[in-house]
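> Below is the structure I would like to discuss, written out as structure tokens.
The values are calculated or read from the model by the stated rules, or taken from the named source; none is laboratory data. Not measured: the values here are computed from a predicted model. Backbone-built Cβ (ideal geometry, glycine too); neighbour counts: all protein chains shown. Heads up: the accessible areas ignore ligands, DNA and RNA and are worked out on the full protein's heavy atoms, side chains in. Shrake-Rupley method; radii C 1.70, N 1.55, O 1.52, S 1.80 Å.
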Amino acid sequence: MTNMNRRNFVATLGLAGTVLLAGCNGSEQPADDAQTTDETTEEASYTLVKEGVLTNVAELGFAPFEYIDEDGVTVGFDVDLSNAIAEKLGLTCEWLPNQAFDTLVPTIAQGGKADISIAGMTIDDTRLEEVDFSDPYLNSNQGIVALAGSGETSETLDVEGVQVACQTGTTGNSWIEENLPNATCVPLADVTAGMMGVSTGLYKAMVIDLPVAQNMIAESFSDLEVVEEIPTGEQYGIAVSYDNPGLKDAINDALAQIEEDGTMDELKQKWFGTTEV
Ligand code: GLN
């Protein structure tokens, strides 16, 4: 059904021309019948679920990367970045309703619903078996969150009967399974539920991406702290289907421009208060 509905819009554009378009008026939709005599112009073609639109899917409880604000609007670093990419490609951005994190890779692999998942998602070998990724756009590590002053460490937590929360299917989930073999790992769909559980004593700790831990503590959980930073050296990438290599190339091209023209630094400054992320 999804495949039947899929419009399989094919955008053909000259990559060399895109830069010029973006410089004057980037809203022009690249046309199938664009003729060029410029021999240096490369051609990239990609499919989109919906014509003229970059359709995103993510788990929307991952501030400051993607979350729903008090007005019900989907906002965050990844949201701004996706808008910036879409703008470079002459597209607009749409977000599907919230999905559990562990459904995102299968959704992209299956195709037909979303073009990309930009979701604070770490590029890793297991995921690369199912989907392709853009070039990395941000570095991240894990953090162990526990009650402030509790003195918990990865050693005190690795004890039978100790419950450590994480978001299901994340790198934090794998880290607990590999590094705290004696503890009980508690995978949850929702990050806030995990933080709340640590706050109320239901769980001893939560393992989660460091920037998200820091943001949640600053915004809503002053009783919690990052008791240990784990230098996992992760890199976030944008998940794209292997069936759509032209889209990956176009996104990488846009990302390079976004790095070069200062947009990336602006977004880091806006969401993290520093460009050193
Ligand atoms: N970066 C982590 C991962 O890719 C967590 C992502 C998330 O929860 N949105 O597994």
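> Within segment 204-261, which residues are more than 22 Å from I176 (Cβ to Cβ), in contact with a strand residue (DSSP E or B) (Cβ under 6 Å, 6 or more places away or on another chain) and in a helix (DSSP H, G or I)?
Hits for segment 204-261 are G246, L247, K248, D249, A250.
> Would you mind telling me which numbered condition in (1) touching a Leu at 6+ places or on another chain (Cβ under 8 Å); (2) part of a loop (DSSP other than H, G, I, E, B); (3) surrounded by 20 or more Cβ atoms within 10 Å (Cβ to Cβ) V277 fails?
That leaves (3) as the condition not met.
> If we keep just the residues of segment 114-147 that are of a type in the set (V, I, T) and within 24 Å of N83 (Cα to Cα), which is nearest to the ligand (Cβ to nearest atom)?
Checked segment 114-147; the qualifying residue nearest to the ligand (Cβ to nearest atom) is T122.
> Could I ask something else about it? What pairs can you find where one residue is in segment 186-212 and under 14 Å from S150 (Cβ atoms) and of a type in the set (K, R), the other is part of a helix (DSSP H, G or I) and open to solvent by less than 10 Å² (accessible area, probe 1.4 Å), and their Cβ atoms are less than 9 Å apart, with a gap of 6+ or different chains?
If the second residue must be part of a helix (DSSP H, G or I) and open to solvent by less than 10 Å² (accessible area, probe 1.4 Å), the pairs left are K204/L157; K204/V198.
> Tell me, which residue of segment 45-72 that is assigned to a loop (DSSP other than H, G, I, E, B) and within 11 Å of the ligand (Cβ to nearest atom) is nearest to P245 (Cα to Cα)?
That would be A58.
> Does segment 123-147 hold any residues that are in contact with a Ser or Thr (Cβ under 8 Å, 6 or more places away or on another chain) and open to solvent by less than 10 Å² (accessible area, probe 1.4 Å), and which are they? Lay out the reasoning, then the answer.
Going through segment 123-147, the residues in contact with a Ser or Thr (Cβ under 8 Å, 6 or more places away or on another chain) turn out to be 124, 131-132, 140-142, 144, 147.
Correct list: V131, S140, Q142, I144.
> Do you know which residues across segment 148-184 are open to solvent by 60 Å² or more (accessible area, probe 1.4 Å), away from the ligand (no atom under 14 Å from the Cβ) and touching a strand residue (DSSP E or B) at 6+ places or on another chain (Cβ under 6 Å)?
Q163, T184, listed by residue number.
> Something else: Is at least one residue of segment 96-106 more than 16 Å from the ligand (Cβ to nearest atom), at pLDDT 95 or above, within 15 Å of the chain's Cα centre (by Cα) and not in a loop (DSSP other than H, G, I, E, B)?
Our first condition is that a residue be more than 16 Å from the ligand (Cβ to nearest atom); within segment 96-106, this holds for none.
No, every residue in segment 96-106 fails to be more than 16 Å from the ligand (Cβ to nearest atom), at pLDDT 95 or above, within 15 Å of the chain's Cα centre (by Cα) and not in a loop (DSSP other than H, G, I, E, B).
> For E225, indicate whether it is away from the ligand (no atom under 13 Å from the Cβ), touching a residue at least 40 places away in the same chain (Cβ under 8 Å) and exposed (fewer than 15 other Cβ atoms within 10 Å of the Cβ).
no
> Being within 16 Å of the ligand (Cβ to nearest atom), among the polar types (S, T, N, Q) and under 18 Å from A239 (Cα atoms) is the filter here; which residues of segment 73-95 pass it?
S82
> Restricting to segment 57-93, name every residue that is out of contact with any Ser or Thr (no Cβ under 9 Å at 6 or more places or on another chain) and among the aromatic types (F, W, Y).
F62, F65, F77 - these are the residues of segment 57-93 that are out of contact with any Ser or Thr (no Cβ under 9 Å at 6 or more places or on another chain) and among the aromatic types (F, W, Y).
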